[in-house]
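The values are calculated or read from the model by the stated rules, or taken from the named source; none is laboratory data. Small disclaimer: the values here were computed from a predicted structure and weren't measured. FYI the Cβ positions are ideal-geometry reconstructions off the backbone, even for glycines, and counts take in every protein chain you see.
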Number of protein chains: 2
Amino acid sequence: MNSPRIILLAHGSSDKRWCATFEALAEPTLKAVSGSRIAYMELAEPSLSTVIHEGVTSGDRDFTIVPLFLAAGRHLRKDVPAMIQRLEETTGASIKLSPPVGEDPLLGDAIRDVVALQIGQYSNR
Amino acid sequence: MNSPRIILLAHGSSDKRWCATFEALAEPTLKAVSGSRIAYMELAEPSLSTVIHEGVTSGDRDFTIVPLFLAAGRHLRKDVPAMIQRLEETTGASIKLSPPVGEDPLLGDAIRDVVALQIGQYSNR
């Protein structure tokens, strides 16, 4: 059995600069994880539907969606699960939704490092 | 001259779970950087206005806002700069707005590590 295809899911925006930031955020993962892709919930392409349909067409059946969100709001609690249910029904694929990346402690550590680099030191270390 | 107070700015939500995720994201920074605080743009407390006013009251004049956002949309391009301008006018403080944390390559690397841990390996390394 093949491992599931990883899909990094960003919200999407009509603002190209916004999407460019997410493409840069996704790049290390896309380089490291074979077959992984980025997809957008809305307002930008490729959409989640496009990426799932293309994957199914090329023989994949199992997908894991990793949301490029810091926290879970309405989109991840309601909208994305509803999209997943429809896509599973229409394609026969199996689609797992991971927690948003921001729920992983690694992100908090990275934010600390970003701030520390900005201020040039850890103030109380 | 004191170094600027670091304020981690999250969007805010009426959903306590959403705020709890941002408090967890902020925790490593709040522990590492003396005097740093979290603030919310809207829908949750402490607001940015509250944190700036409290800082000014206790003698701070320089603040650096680090947005806990993955990318800059309308909020960071328009709403937050407008809030900063009003707060500078009303308090006399000097407030710098940093890029959103998601624009730092460290975040993309952390996301790669989150995904790699989820799948148990780097598929093509």
Going through the stretch A:71-110 in order, the residues found to be aliphatic (A, V, I, L, M) and under 15 Å from B:Asp113 (Cα atoms) are A:Val101, A:Leu106, A:Leu107, A:Ala110
At pLDDT 95 or above, part of a loop (DSSP other than H, G, I, E, B) and more than 10 Å from every other protein chain (Cβ to nearest Cβ): does that describe B:Gly59?
-> yes
Residue that is assigned to a helix (DSSP H, G or I) and at pLDDT 95 or above, where the choices are B:Gln85, B:Gln118 | B:Gln85
Output the number of the condition that A:Thr21 fails; it satisfies all remaining conditions of (1) out of contact with any Pro (no Cβ under 9 Å at 6 or more places or on another chain); (2) surrounded by 13 or more Cβ atoms within 10 Å (Cβ to Cβ); (3) closer than 14 Å to B:Ala71 by Cα; (4) of a type in the set (Ser, Thr, Tyr).
-> (1)
The correct count of residues that are surrounded by 19 or more Cβ atoms within 10 Å (Cβ to Cβ) and more than 9 Å from every other protein chain (Cβ to nearest Cβ) in the stretch A:77-122 is 6
Name the pairs whose Cβ atoms lie under 8 Å apart, with the first residue in the stretch A:33-57 and without any contact (Cβ under 8 Å) to a residue 24 or more places away in the chain, the second among the charged types (D, E, K, R) and crowded, with 16+ Cβ neighbours inside 10 Å, and 6 or more positions between them or separate chains?
-> A:Pro46/A:Arg37
Residue in the stretch A:49-61 that is over 16 Å from the mean Cα position of the chain (by Cα), hydroxyl-bearing (Ser, Thr, Tyr) and more than 23 Å from A:Asp109 (Cα to Cα) present | yes
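Table: residues versus (1) aliphatic (A, V, I, L, M); (2) in a helix (DSSP H, G or I); (3) touching a helix residue (DSSP H, G or I) at 6+ places or on another chain (Cβ under 9 Å).
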{"position": "B:Leu8", "(1), (2), (3)": "yes, no, yes"}
{"position": "B:Gly12", "(1), (2), (3)": "no, no, yes"}
{"position": "B:Trp18", "(1), (2), (3)": "no, yes, no"}
{"position": "B:Phe22", "(1), (2), (3)": "no, yes, yes"}
{"position": "B:Ser34", "(1), (2), (3)": "no, no, no"}
{"position": "B:Glu42", "(1), (2), (3)": "no, no, yes"}
Could you list all residues from the stretch A:35-44 that are more than 13 Å from the chain's Cα centre (by Cα) and within 23 Å of A:Gly92 (Cβ to Cβ)?
-> A:Gly35
